[in-house]
Amino acid sequence: MQEHAEFPGKKLIITDGVFSMDGDIAPLAELCTLAEKYNCVMMVDDAHSSGVLGRGGRGTVDHLNCHGRVHIQVGTLSKAIGVMGGYVCGSRELIDFLYLRARPFLFSTSHTPATAAACMAAFSLLDSPEGEKLVKKLWANTKTFKRELKKRGFQFKVSETPIVPIHVGDARKRLSFRKSFLKRECLRPQ
């Protein structure tokens, strides 16, 4: 950071909220402090925490109480929300800029009314007592899954989230594991 402090123009710090390979949660508060110190724009990709972390599934910004410190929050609607597409949250100026300049936005079509309604229903559910129960169930299922994996001799890195990275070993062992895994009728690729 320091070596770029004198560069002209705005600087951008980008992080995942939750890293997909190991399920680690980003040190967002520390990154926000760096962004503030060096006058950077702070951006978080919450693809793996939307619908899972924070009150009502609001992601890592809410989970780590970094409200007002993150300038851009992006995520997907195709994981916990269960639909398709994604979102960008930011200032009115940013959103207007994206309307005019973002090529994927310019050259794509809008969601169908049914997709928009499904997203709205998912967010409403997440923000309700029933949604809170579902998120708690996700965490309870994750705990059960990890316990059962351990009982069966699987080794995995400790994860702070429902992402459970299973480390199988070298390439030969992974291939053997994959073959035995696919022998089960319900797991065969279509």
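The values are calculated or read from the model by the stated rules, or taken from the named source; none is laboratory data. No experiment lies behind these values; they were computed from the predicted model shown. Note that we place each Cβ from the backbone using ideal geometry, even for glycine, and neighbour counts take in every protein chain shown.
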TODO: Just name the residue that is modelled with the lowest pLDDT out of those in the stretch 1-28 that are more than 19 Å from S50 (Cβ to Cβ) and aliphatic (A, V, I, L, M).
DONE: M1
Task: Residues within the stretch 21-76 that are over 24 Å from A118 (Cα atoms), hydrophobic (A, V, I, L, M, F, W, C) and part of a helix (DSSP H, G or I), tallied - done: 6
Task: Qualifying positions in the stretch 7-22 - more than 14 Å from P165 (Cβ to Cβ) and touching a residue at least 12 places away in the same chain (Cβ under 8 Å) - done: K10, K11, L12, I13, I14, T15, D16, G17
Open item on the list: Can you find a residue that is among the β-branched types (V, I, T) and in contact (Cβ under 8 Å) with a residue 24 or more places away in the chain anywhere in the stretch 89-97?
Closed with: no
Open item on the list: Is it the case, given these coordinates, that K150 is touching a His at 6+ places or on another chain (Cβ under 8 Å), outside the structural domain of S49 (by TED's automatic domain parsing) and not hydroxyl-bearing (S, T, Y)?
Closed with: no
Task: Enumeration of residues in the stretch 83-109 that are assigned to a helix (DSSP H, G or I) and hydroxyl-bearing (S, T, Y) - done: Y99
Task: Criterion: at pLDDT 90 or above and under 27 Å from T60 (Cα atoms) - qualifying residue of A116, A102 - done: A116
- [ ] From (1) under 30 Å from Q155 (Cα atoms); (2) in contact with a helix residue (DSSP H, G or I) (Cβ under 6 Å, 6 or more places away or on another chain), pick out the condition that doesn't hold for R55.
- [x] (1)
TODO: Residues being surrounded by 10 or more Cβ atoms within 10 Å (Cβ to Cβ), outside any helix (DSSP H, G or I) and without any contact (Cβ under 8 Å) to a residue 60 or more places away in the chain: count how many of those fall in the stretch 129-160.
DONE: 4
- [ ] Test each condition in (1) at pLDDT 90 or above; (2) under 22 Å from G23 (Cα atoms); (3) of a type in the set (D, E) for E148 and report the one that comes out false.
- [x] (1)
Task: F7, sole failed condition from (1) buried (at least 22 other Cβ atoms within 10 Å of the Cβ); (2) over 22 Å from R92 (Cβ atoms) - done: (1)
- [ ] Specify the residue that is nearest to D24 (Cα to Cα); the eligible residues are those in the stretch 161-172 that are modelled with pLDDT of 85 or more and surrounded by 12 or more Cβ atoms within 10 Å (Cβ to Cβ).
- [x] T161
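Residues A121, A80: which one is assigned by TED's automatic domain parsing to the domain that holds M43 and either among the basic types (K, R) or assigned to a helix (DSSP H, G or I) (or both)?
Exactly one residue qualifies, and that residue is A121.
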Task: Matching residues in the stretch 119-143 - criterion: being over 20 Å from G59 (Cβ atoms) and among the hydrophobic types (A, V, I, L, M, F, W, C) - done: A140
